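Worksheet: the structure to be examined is printed underneath.
Values quoted throughout were computed directly from the atomic coordinates according to the rules given, and no laboratory measurement underlies them. Keep in mind that this is a model prediction, so the values were computed, not measured. Ideal geometry is used to build each Cβ from the backbone, glycine not excepted, and the neighbour counts take in all protein chains shown.
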Amino acid sequence: MTEDKVYSSTLSYPKEEVQKCLIYRLFGQVPARLVLYLLSWSGFLVSFMMRTDINLAIIAMVEEPTLSVTNTTQEYCFTLDDANATTAPSDTGGTLKWSASVQSYILASFYWAYVISQVVGGLATQKLGTKRVFGYAQLVTALCSLSIPWASETHYGVVIALRFVQGFASGLTWPAMYALVGHWIPVPERSRFMSSFQGFSIGIGITYPLCGFLIAHLGWRSVFYTTGSIGVIWCGIWYLLAFDSPEMHPRISLSEQQYIKENTVNTYAATRTQSVPWKAILTSPHAWAIGVTTFGRIWVHYTFIIPGPKYMKSILGFSIEKNGLLSGAPFICSYIASVFFCYIADKLVTRNVMSLTNVRKLMTALSQVVPGLLVLVISYLGCDINLVLVVWFLAVTLITASYAGAMANVVDIAPNFAGPVLAFAQTIHMSASFLSPLAAFQILNERETMMSAWRTVFYVTAFVAISTYVTFQIWGTSEIQPWNYTNGEPNVTEQEELMTENTERIPNGKIDDHVA
């Protein structure tokens, strides 16, 4: 078998390809699954850069309110009237006169549409494929980011509208990428591939310190021009390298395509013709368990992501640059942690240490119950800034275990309909992404410099995180559900015969081990 032959889209025979240029062939040496991993990782990284840039930038955009000089050690970690003490300096130069309620609506508006678009994303991906849905969603989000500086000078309502559009577009990305996993990633590799979704952690971790630097040196408008431009460039790379299925990939090797075929339940073409069993999904306690338990995980996570920078400034008294660095650092390390958790999850299953269901429950508890308890700890650490940062760091890091837990469970129970199932679960749990910051800002109510107000925020966060985990402990399972097979369960014998037939038709009975 020569290097210029691959399976056709029917997987029935090898066909000749047109000779490719040197650069194309050099890139063809990289495994297709690795390329897909890097695209997924970088895609979520860029998506979250455009999503979270405003969380820190808004501190510099808005005019600083006049604070009372009244101070007590029980309520504040810095003084407002002592020039020699640790303070929260007004180094942001904000000019926009947005009230606290307007700011909360701007930050939350992204997630109103984000929740709405989950089901749309599942349906759109089923019909159009991941390449189109994910790519166009990223492009729209990037164009909106580039427009935010203009919108901010016009009216805050325009900013809310742009964030709403961004949220709708970004909401399409998760169901789109989940749908790709069932077609591309063999079962033994799925937990590890799910770590690519943690590119969002790197995105958040990079964005906060980058924003702090840009704001301090170039002004807050440069934040949106930078993240939006990166998003547009990424879309070009995605268009060139992304493909909806192994059958459609022009460079994938026969050996890699055969391996994927042998270790996945279905093909991309087959699932495109199947109708989504919405009634079964909506009535499945296992699908509900994923949605409800991750609601709690999202709640605690977004407490760190959105009100977090405000806590860093108002309570710990950090400058905008230091705020960005310390707000983002835990998210960078959390990516490494997610890879570790996914690796451990795979090993526990493959070595029969624990059942897959118990592994999913263990990882979900680590990602939700433990961070919920750590949030309570933070509320009682007072002004011990070093200890607060350590516990904060640990809590954010542990949250990533969810991608070897409940989030990976989406593909476990319905590999053929991972996109629609995720859309359903996300509609439930992503509502926490706007309810969490809205609740926090409502509790704070212009009291963001008071530790007692933040303690209430953390109490509510801990309660939601821990209580919602109970549903997954009761109803969580890794068993593939009967409604995953709308046309009946696959005939394994026929699949094996097809693979044998394809192999026998290759000259000398050898499979080309040229990698995609």
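Specify the inter-centroid distance of the range 379-415 and the range 215-261, based on alpha-carbon positions, in whole Å.
Taking the Cα centre of the range 215-261 as reference, the centre of the range 379-415 is 27 Å away.
I'd like to know which of Val388, Leu366, Gly324 lies farthest towards the positive end of the charge dipole of the range 322-454, counting +1 on Cβ of Lys and Arg and -1 on Cβ of Asp and Glu.
Farthest towards the positive end: Leu366.
Exceeding 29 Å between C-alpha atoms, which entries from my cross-link table qualify? They are Lys131/Lys261; Lys97/Lys322; Lys279/Lys347; Lys310/Lys361; Lys127/Lys347; Lys279/Lys361.
Lys279/Lys347; Lys310/Lys361; Lys127/Lys347
Which residues in the range 93-135 place their backbone N less than 20 Å from a point set 7 Å from the Cα of Val460 along the Cα-to-Cβ direction?
Answer for this model: 99-113, 115.
Can you pull out the chymotrypsin sites (Phe, Trp or Tyr not before Pro) in the range 357-436 whose DSSP state is coil and whose Cβ has at most 15 other Cβ atoms within 10 Å?
Working: sites: Tyr380, Trp392, Phe393, Tyr403, Phe417, Phe424, Phe434; in loops: Tyr380.
Counting only loop positions with at most 15 other Cβ atoms within 10 Å, the chymotrypsin sites (Phe, Trp or Tyr not before Pro) in the range 357-436 are Tyr380.
Residues of the range 162-177 with amide nitrogen under 18 Å from the 7 Å Cα-to-Cβ point of Leu128?
Counting only backbone N, you get 164-177.
Could you check the spin-label model distance between Trp475 and Val120? Points 7 Å from the Cα along Cα→Cβ, value in nm.
2.7 nm
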